[in-house]
Amino acid sequence: MYNSLPNEQNEDFWFSSSKRVLFLLKDQNQQGMEKWDEDIREWLIDTVNDKTESQLKIKEANRNLSPRFIRNLAYLLWGLSKADKDNPWWYDEVIKHFDEVKDFFNTQPFAIVECKKQPGGGKLEDKKLKQHLADYGDLLIREIEILSPTMIVCAGGPIYDFAINKLYPQEELITIEGLQEMRLHTPTGTLIFFSYHPSDRKTSRNFYDNGVMYHYREFLKYQSKMKQ
């Protein structure tokens, strides 16, 4: 995702970071019958391609974390980036640092990849998503290989199933006892998480504390024990 940093600096920052968070989403939610190509990398920045006041307002709202969808992503990016065995970063603590979270979201490199490239609407049937993953999964895998994330957050069951079955050899993935919705790729240390979709009707607290962050905190405990 483009942000307030120059693109080259942002890219260097990404590849030098030990925590590279990738959100695997479904498709673009576009209203109306006419669909258009949108470069989601520009969600946080104003560009010469923004032709209307409405487009500029949407991006300003994104930078301010106004949409719940964006806010859920920002909280999760903060938690995965900041939590360690001594600092679990529960939801109540995160929202107390809202301004810091907002600044972090607008300056910290992270990646979003839509698994179905054609824009859609407010809902996407699992059957259609699975068909797209079957038809174009090789290209999606290559896209992920280029990004080389260390944390992959999968928004929904079909995407999570694809990630744990297609991205890495099965013998290189381990499941930690009690954490069925997370896999660890041992050669690279990459974590793959099942997640609710950030637009899910669940509360932001539920989305954050009872989903990915629960598994990540448990992983940190497991990691700490293994080092003892």
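The values are calculated or read from the model by the stated rules, or taken from the named source; none is laboratory data. Model, not experiment: these values are computed from the prediction. A quick note on method: Cβ atoms are made from the backbone with ideal geometry, for glycine too, and the neighbour counts reach across all protein chains shown.
The table that follows gives values for the structure above.
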{"quantity": "Long-range neighbours under 7 Å by Cβ, at least six apart or interchain, first residue within 17 Å of Arg142 (Cα to Cα) within region 1-25, second among the acidic types (Asp, Glu)", "calculated": "Leu25/Glu114"}
{"quantity": "Residues being touching a residue at least 24 places away in the same chain (Cβ under 8 Å) and farther than 16 Å from Val212 by Cα - total across region 159-191", "calculated": "5"}
{"quantity": "Pick from region 29-56, criterion among the hydrophobic types (A, V, I, L, M, F, W, C), surrounded by 10 or more Cβ atoms within 10 Å (Cβ to Cβ) and part of a loop (DSSP other than H, G, I, E, B), ranking: modelled with the lowest pLDDT", "calculated": "Trp43"}
{"quantity": "Hey, Leu76 of a type in the set (A, V, I, L, M, F, W, C), touching a Ser or Thr at 6+ places or on another chain (Cβ under 8 Å) and either surrounded by 15 or more Cβ atoms within 10 Å (Cβ to Cβ) or on the phi < 0 side of the Ramachandran plot (or both) or not", "calculated": "yes"}
{"quantity": "Members of region 105-138 found to be at pLDDT 90 or above, assigned to a loop (DSSP other than H, G, I, E, B) and either touching a strand residue (DSSP E or B) at 6+ places or on another chain (Cβ under 8 Å) or on the phi > 0 side of the Ramachandran plot (or both), listed by number", "calculated": "Phe110"}
{"quantity": "Enumeration of residues in region 169-217 that are of a type in the set (D, E, K, R) and farther than 18 Å from Val21 by Cα", "calculated": "Glu171, Glu172, Glu177, Asp200, Arg201, Lys202, Arg205"}
{"quantity": "Number of positions in region 145-196 that are surrounded by fewer than 18 Cβ atoms within 10 Å (Cβ to Cβ) and assigned to a helix (DSSP H, G or I)", "calculated": "10"}
{"quantity": "Which listed residue, of Val101, Val48, is touching a residue at least 24 places away in the same chain (Cβ under 8 Å) and of a type in the set (Val, Ile, Thr)", "calculated": "Val101"}
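Results for (1) at pLDDT 95 or above; (2) over 24 Å from Phe13 (Cβ atoms); (3) among the acidic types (Asp, Glu), shown as yes or no for each residue.
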residue	(1), (2), (3)
Leu147	yes, no, no
Ile152	yes, no, no
Ala163	yes, yes, no
Ile176	no, yes, no
Thr203	no, yes, no
Val212	yes, no, no
Tyr216	yes, no, no
